[in-house]
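Report on one structure; see the data block that follows.
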Amino acid sequence: MDEKEKKVLLQIARKSIESAIKGISNDQTQVETISPELKKENGAFVTLRTLGRLRGCIGRMVSDIPLHKLVSEMAVSAATDDPRFNQIQPSELESLEIEISALSPLQRVENPLDFELGRHGIYIKKGFTNGCFLPQVATETGWTKEEFLSQCCHTKAGLSPDAWKKKDIEVYVFTAEIISEKVIGN
């Protein structure tokens, strides 16, 4: 994505959040975009922070709607529906930092250790149970590959920490294009 497309996605996310929190109509999802990049049906996550503290993170690994619409939906969900946090308050809007992770398609790996820390995110699945970590989690935590997999199994998928070593576990990798207001500005 070019800088203009990144700015458009950040604007869509911010307007969508502000509209949801203030209870006003949002026409951002109706934006007609000519950019093929913003029309792709890729997965995306929206991460929200206030004063550096995580305040919400919700996304979808795959999508059947254009990226710009998915970002709008995930931004609102991260602000209002992340069960780990209370809803974003109007007083937080000015200090709210938005980060969008536009995902590549998932690629299954036979060897769970066949990924690069900081470059790849992981998606672990067993039956209807699943969990994921975005690529930046490895950088933020300093975990080894084994710790990254174990933490994802245990804290995200609710499986045993060593579940990634079992044959009935599916491990997928993906990359993410990180779009952040810290880098681009408002």
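Determine the equivalent ellipsoid of region 117-186 by diagonalising the alpha-carbon gyration tensor, then write out the semi-axes as square roots of 5 times the eigenvalues, largest first, rounded to whole Å.
After scaling each eigenvalue by five and taking roots: 25, 12, 10 Å.
Here is the list for region 67-170: GluC sites (Glu not before Pro) lying in DSSP coil, each with at most 11 other C-beta atoms within 10 angstrom of its C-beta, are E110, E116. Close Lys pairs in region 3-103 (alpha-carbon distance under 14 Å; sequence gap of 8 or more, or different chains): 7.
For S16, S180, what ranking results if the residue with the fewest other Cβ atoms within 10 Å of its Cβ goes first?
Lowest to highest Cβ neighbour count: S180, S16.
All other residues whose Cβ lies under 12 angstrom from that of F85 are scored, Lys and Arg at +1 and Asp and Glu at -1, for a net of +1. Other residues lying with their Cβ under 14 Å from the Cβ of P112 contribute a combined charge of -1, Lys and Arg counting +1, Asp and Glu -1.
Put a dot 7 Å past the Cα of V62, heading toward its Cβ, do the same for K40, and the two dots end up 1.7 nm apart.
Would you mind ranking I169, I88, I12 by Cβ crowding within 10 Å, fewest neighbours first? The partial results should precede the final answer.
Values: I169 19, I88 22, I12 25.
The fewest-first ordering by Cβ neighbours comes to I169, I88, I12.
Taking other Cβ atoms within 10 Å as a rough exposure proxy, V62, V171, V46 sort from fewest to most as V62, V171, V46.
Charge dipole of the chain (Cα centre as origin; +1 on each Lys and Arg Cβ, -1 on each Asp and Glu Cβ, all else neutral): 300 debye, rounded to the nearest 20.
The lysine pair count for region 107-174, using Cα distances under 14 Å and pairs eight or more places apart or on different chains, is 9. Rounded to the nearest 10 degrees, the angle from helix 3-22 to the longest Cα principal axis of the chain is 80 degrees.
No lab work stands behind these numbers, since they all come straight from the coordinates. Predicted model only: the values in this text are computed from it and were never measured. Positions of Cβ are backbone-derived with ideal geometry, glycine not excepted, and every protein chain shown enters the neighbour counts.
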